[in-house]
Amino acid sequence: MGSLSIQSQSRRDPPRVLCLSNGHGEDEVASRIAVALVQRGIQVRALPIVGEGKAYVRQGIPILVTPQVMPSGGFIYQDWRQLWRDVRGGLLGLTGRQLAVIRQEAAQTDLVLAVGDIVPLLMAWWSGIPYGFVGTAKSDYYWRDEQGPYRRAWIPWGEPISDYLPWERWLMGHKRCRGAFLRDELTATALSKRGLRTFYLGNPMMDGLEAQRDLPLDPHRPALLLLPGSRPPEAYRNWALMMQVVQGIPAEIQVYAALSPNLDPAQLQERIPAERRDLPLIWGDFGTCVQRATVVLAMAGTATEQCVGLGKPVITLPGEGPQFTPRFAEAQTRLLGSAVQLTSVEHAPRLLHQILERLATDPTYTAQLQAHGHQRMGSPGATQRIAAQIQTWLNFGGSDAILRPTGQGI
């Protein structure tokens, strides 16, 4: 494409990609794609915009700029007070250093891959070189499903609402943007009709969720999985609410938890009711935990989405934030549909009983959950499909080099 041709066409070095991501879940997705690119002979470096970038470190992907954790943990969009805390914590200086590094790195990079939302997307545009986008945060399911909008649009014109705002669509439609990988077919199709180069190749969140080992649970009894989130101190507050629910659950229902290494075991143990002191706490093995679950009680973001993708029924409780606020929890029910039910601490035990009874008596319910999860979250393998498309851009030098993206079989 003329002056926009990929730089690696004129040199013998392997092509180079810079990954930008802004959050724990986004780092996980980006690091998986980075590994798939490295396996294809592509050099990858990363810049985690918020957080420590531990996912990159685990995968051996080099990180630019020393990571600096912001007070909000990256959730400035949930509460603008969090933005002010981040500004006081050095956000502006950190952002300035990151922008300078991106421009410097761009001189020896062929493509910037932005993973997350408008922040890494805007930084990728700032680089001045070709870029791609993996959208993990936004979906048209927040506004509508395949049957139409959830509520009447307030805008006076007839154009369908998009969860992506005009300036985000401009960045995705820029001549240097090779394309955008979106999290579901509904959103990708809608933006494609607006003339954007969009792809639905599945959702990378659904990769790497295979069971790795046995858990200390009776395979013949139903099991409730607890997901309190990954960021303290919010996760401890979520855990305290979950323990109130656990007190109202019959003893024949097994309860266990999948936990982030960020959390302190002592602070969790001290809140467990005496009658549940044998509650297994499982660290760093989410795939095994979710595969075993009968029902999930979740106050998390990405992990909840993965549970739905695997066909698990989910109960959620509104928390205090900064991530899992009542507003976030309600929006999550729109994103993930009927598989997620938002309730209160008082009503959660009864709802759990109703779900278990339906699983036991309705032979079609499990199949419905699995079909719903596939529709909202896709099937495994998206990481490799996205990496293959990026390799095509790098090898052939433009957005016209496309492995035909369709939703079929994804």
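Here are some notes:
- Here Lys54 is the anchor, and no lysines lie within straight C-alpha reach of less than 19 Å, apart from those fewer than 8 places off in the same chain.
- Fraction of beta bridges assigned by DSSP in region 116-252 that are antiparallel (%, nearest 5): 20
- With a Förster radius of 45 Å applied to the C-beta separation of His174 and Gln354, the computed FRET efficiency comes to 0.35.
- You can think of it this way: the chain between Thr95 and Leu165 has 23.0 nm of extra reach, that is 0.36 nm per residue less the Cα-Cα gap.
- Summarising the label geometry, the points placed 7 Å from Cα in the beta-carbon direction at Gln147 and Thr189 lie 1.6 nm from one another.
- Cross-link reach list, lysines versus Lys193, counting only Cα pairs under 20 Å and skipping chain neighbours closer than eight places: Lys138, Lys175
- Global form of region 246-285, assessed from the alpha-carbon gyration tensor, a/c cut-off 1.5: oblate
- Derived scalar couplings between HN and Hα for region 52-65 equal 9, x, 4, 4, 5, 4, 4, 8, x, 8, x, 10, 8, 6 Hz in order, rounded to whole Hz, by the Karplus curve 6.51 cos²θ - 1.76 cosθ + 1.60 (θ = phi - 60°), x for Gly and Pro.
- Ser338 exposes around 90 Å² of accessible area when a 1.4 Å probe is run over every protein chain in place.
- Efficiency of FRET between Ala240 and Thr364 - r from beta-carbon atoms, R0 60 angstrom, step 0.05: 0.95
- Prolate/oblate/rounded call for region 251-351, Cα gyration tensor, a/c under 1.5 rounded: rounded
- Mean Cβ neighbour count within 10 Å, used as a protection proxy, ranking 302-310, 288-296 highest first: 302-310, 288-296
- By accessible area with a 1.4 Å probe, ligands and nucleic acids excluded, highest first: order of Phe181, Phe328: Phe328, Phe181
- Spacing of the modelled spin labels on Val345 and Gln104, each 7 Å from Cα toward Cβ, amounts to 5.0 nm.
- Label-point separation, Gln212 to Glu275 (7 Å along Cα→Cβ), nm: 3.4
- For the listed peptides 113-126, 269-282, 346-359, 19-32, a ranking on the average number of other beta carbons within 10 Å per residue, highest first, reads 19-32, 113-126, 346-359, 269-282.
- Prolate/oblate/rounded call for region 145-259, Cα gyration tensor, a/c under 1.5 rounded: prolate
The values are calculated or read from the model by the stated rules, or taken from the named source; none is laboratory data. Everything numeric in this text was worked out from a predicted model, so none of it was measured. A quick note on method: Cβ atoms are made from the backbone with ideal geometry, for glycine too, and the neighbour counts reach across all protein chains shown. The protein model used for the area step is the full one, side chains on, heavy atoms only, and it has no ligands, DNA or RNA in it. Shrake-Rupley method; radii C 1.70, N 1.55, O 1.52, S 1.80 Å.
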